[in-house]
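Reading through the C-alpha cells given below for one structure.
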Amino acid sequence: MIPFDINPRLAGDTYHVADLKLCAVRLMKDANYPWLILVPRKPDLIELLDLEAPERAELMEEIALASEALRETTDCQKLNVAALGNQVPQLHIHIIARHQDDPAWPGPVWGAAKPVAYDSGERDRLISELSDRLSA
C-alpha cells in the first residue's frame, strides 16, 4: 500500500471500494448516480501533469478498468469521466454511470439533484460487486 493522505472532503463524501496499483477507488455517497472517484495514492498531486509519464499511463488503464467495472455492475447507458478539481484540488477522477432516467439526464450531475443516501444493503452490494470486478 502506498502511503498518502486523502483530502478530507473526498474521504467524507465517499466509501472505500478498492486499492489498485496507483489509485484508491471510492464510491460517492449519492445513490442518484453510481459514481466512482479514483484518487492516485501519491502526495502533492493536483494536475494530471504532476504524474510521471508511466504513472499517467497507469492512471488511464485504471480509469478504463474502473469504467468497465462500473458499466458491467450498473448496466448504464453512458459513462461520464472527468478530472475537475475546482472544489477539491487533490487530483481525482470522477467516473459516473449515467442512465436516461437519472435526475440530471442529459445534463451534468453537479447540483442537479440533492444527494440521496444509499441504503446499507444496496451500498454493500454495490461495493462488493465493484470490488470483485476490480480485483478479477
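The values are calculated or read from the model by the stated rules, or taken from the named source; none is laboratory data. Predicted model, so just to flag it, every value in this text is computed and none were measured. All Cβ positions, even for glycine, are placed from backbone atoms using ideal geometry, and neighbour counts span all protein chains on display. Surface areas here come from the heavy atoms of the whole protein model, side chains and all, with no ligands, DNA or RNA. Shrake-Rupley method; radii C 1.70, N 1.55, O 1.52, S 1.80 Å.
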Original post:
Taking a spot 7 Å from the Cα of Ala112 along the direction of its beta carbon, which residues of the stretch 1-43 have an amide N less than 20 Å from it?
Top reply: 14, 27-38
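Taking 0.36 nm per intervening residue step and subtracting the Cα-Cα distance, what contour gain separates Glu61 from Ala31 on full extension? Before the final figure, lay out each step's value.
Working: separation 30, 0.36 × 30 = 10.80 nm, distance 2.58 nm.
Taking 0.36 nm per residue and subtracting the Cα distance, the gain is 8.2 nm.
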Subject >> Probe 1.4 Å, accessible area per residue of the chain, Å² >> reply: 55
Original post:
Which residue, Tyr33, Tyr118, Tyr15, has the most motion in a Gaussian network model of the chain that connects Cα atoms within less than 10 Å?
Top reply: Tyr118
**OP:** Any chance you could list P(r) for the stretch 47-126, counting all Cα-Cα pairs in 5 angstrom bins from zero, rounded to whole %?
**Re:** 3, 12, 17, 22, 22, 14, 8, 2, 0
Subject >> For the chain, size of Cβ-based charge dipole, Lys and Arg +1, Asp and Glu -1, in debye >> reply: 260
Subject >> Sum of side-chain charges, Leu48 neighbourhood, beta-carbon under 10 Å (Lys, Arg +1; Asp, Glu -1) >> reply: -2
**OP:** Report the residues of the stretch 79-93 in range of a label on Ile46: point 7 Å along Cα→C-beta, backbone N strictly under 13 Å from it.
**Re:** 85-91
**OP:** Work out Dmax and Rg for the chain from the C-alpha atoms and quote the Rg first, both in angstrom.
**Re:** 14.2, 40
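If Lys and Arg each add +1 and Asp and Glu each add -1, what is the summed charge of the other residues whose beta carbon sits under 12 Å from the beta carbon of Ala24?
Details: positive: Lys21, Arg26, Arg41, Lys42; negative: Asp5, Asp19, Glu62.
Net charge in that neighbourhood comes out at +1.
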Original post:
Do you know the Lys pair count in the chain for C-alpha distances under 25 Å, with sequence separation 8 or more or different chains?
Top reply: 6
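As a test of the formula, what do you get for the chain when each DSSP H run with n ≥ 4 contributes -39,500 (n - 2.57) and the sum is divided by the residue count, at 222 nm and rounded to the nearest 500 deg cm²/dmol? Please list the in-between numbers first.
Values: 3 runs with 44 residues, N = 136.
Roughly -10500 deg cm²/dmol at 222 nm, from the helical runs in the chain.
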Original post:
Can you give me the Cα centroid spacing of the stretch 82-123 and the stretch 15-33 in angstrom?
Top reply: 12
